[in-house]
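Working notes, structure below.
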Amino acid sequence: DAAKESREPFRRYVPELDDRAGEEAQLGAELRTALDAGQFRLVYQPIVELPHGRIYDVETLVRWEHPDRGTVGPAEFIPAAERNGLIVELGAWILREACRQGARWVAELGRDAPERITVNASARQLAQRGFAAVVGAALRESGLSATRLTVEVTETAVFEGGQAIATLHELRALGVRIALDDFGTGHSSLGLLQTVPVDVLKVDKSFVDNITMAGRHAVIATALIQVADGLGLTAVAEGVETSEQAAELQRLGYRFAQGYHFGRPVARPDFRAGAPGDRDRTVAPAGAESRV
Ligand code: C2E
Ligand code: MG
Ligand code: MG
Ligand code: MG
């Protein structure tokens with residue numbers, strides 16, 4: 001009826017707004033508690049060197065072990081942590097923990113240790129004046145060499161310029177490498193390369209997905225490896241899921257790749273498995289992620 005029709009949008013709208021604000025506040029509070037209670041843990045996804053599949057680098061990815069909901073992926077809480085500012089403290093913990101783990105692997109594994117370790121940083125962290133100091137402290141406390149650390153940022157995080165760009169210069173001055181994540185999907189991908197200090201281009205999964213199909217699909221992946229080579233940057237292909245994709249990327253000149261085909265994010269990757277002379281990761285199927 002008419003009364004119901006006129007009422008319904010209003011009744012639906014207001015409670016939802018309330019709920020969303022309430023949910024956001026509750027999630028924010030829960031994240032705070034989770035950090036204090038030690039409910040976050042890190043997993044590491046291999047970035048391998050083609051063709052032999054040796055693990056060259058690992059990307060650090062955060063997980064939330066929620067007491068009731070089980071393992072929660074970062075897509076569900078990193079945006080909220082950015083909005084309420086907790087990402088600054090959570091991100092500092094992630095950096096300290098990742099650097100500590102990297103240093104432990106170097107001490108324990110020697111030449112089998114990954115050459116590098118990569119940590120994601122969000123826009124809010126880069127916009128902080130003290131971020132490079134936080135990174136510097138994590139390196140000093142852990143004993144990890146700055147040359148072993150890569151900080152991975154998205155194009156959108158550096159698009160605004162200002163302090164974010166200044167932070168990247170400070171990180172580079174420490175000896176840390178900068179990677180541009182999801183490269184090619186942002187606002188001004190190629191333009192950014194003229195102004196942003198960067199060492200690694202992570203070519204987005206969307207350019208890898210159909211790379212083995214005839215036609216136009218491989219054109220951008222081909223162009224991006226040429227851009228990277230021409231600028232003296234390292235290209236990493238993301239989201240590689242099949243041996244066919246790996247072979248095609250190698251044919252196009254890619255030296256580094258990451259994706260479920262080579263390994264899921266895990267607490268401890270099998271660093272010895274891809275060493276030259278051992279199993280060939282370009283043809284071996286990837287194991288399932290034991291605990292996402
Ligand atoms: P990202 O940095 O682009 O990370 C790659 C994401 O793609 C990861 O999801 C990874 O598990 C997934 N992935 C890797 N290989 C494949 C593949 O072959 N196929 C498919 N379908 N997916 C693949 P995850 O761990 O859920 O992370 C999602 C996003 O959350 C990350 O995207 C990153 O933006 C953010 N994130 C994760 N950890 C952190 C962190 O410690 N700090 C910050 N600031 N952000 C983080
Ligand atoms: Mg990343
Ligand atoms: Mg990525
Ligand atoms: Mg991504």
### Summary
Checked pairs for the range 182-211, first within 11 Å of V236 (Cβ to Cβ), second open to solvent by 60 Å² or more (accessible area, probe 1.4 Å) and within 13 Å of ligand 2 (Cβ to nearest atom), C-beta under 6 Å and 6 or more apart or across chains, list as D204/T185
### Query
over 25 Å from Y56 (Cβ atoms) and in a loop (DSSP other than H, G, I, E, B) - does that describe any residue in the range 169-180?
no
### Query
Taking the range 185-205 only, how many residues are at pLDDT below 95, open to solvent by 30 Å² or more (accessible area, probe 1.4 Å) and within 16 Å of ligand 1 (Cβ to nearest atom)?
2
#### Entry: In the range 38-73, the residues that are of a type outside the set (A, V, I, L, M, F, W, C), buried (at least 17 other Cβ atoms within 10 Å of the Cβ) and outside any loop (DSSP other than H, G, I, E, B)
Y44, Q45, P46, E49, R54, Y56, D57, E59, T60, R63
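The values are calculated or read from the model by the stated rules, or taken from the named source; none is laboratory data. Here the structure is a predicted model, which is why all the values come from computation and not from measurement. Neighbour counts are summed over all protein chains in view; Cβ atoms, including those assigned to glycine, are modelled from backbone coordinates with ideal geometry. Heads up: the accessible areas ignore ligands, DNA and RNA and are worked out on the full protein's heavy atoms, side chains in. Shrake-Rupley method; radii C 1.70, N 1.55, O 1.52, S 1.80 Å.
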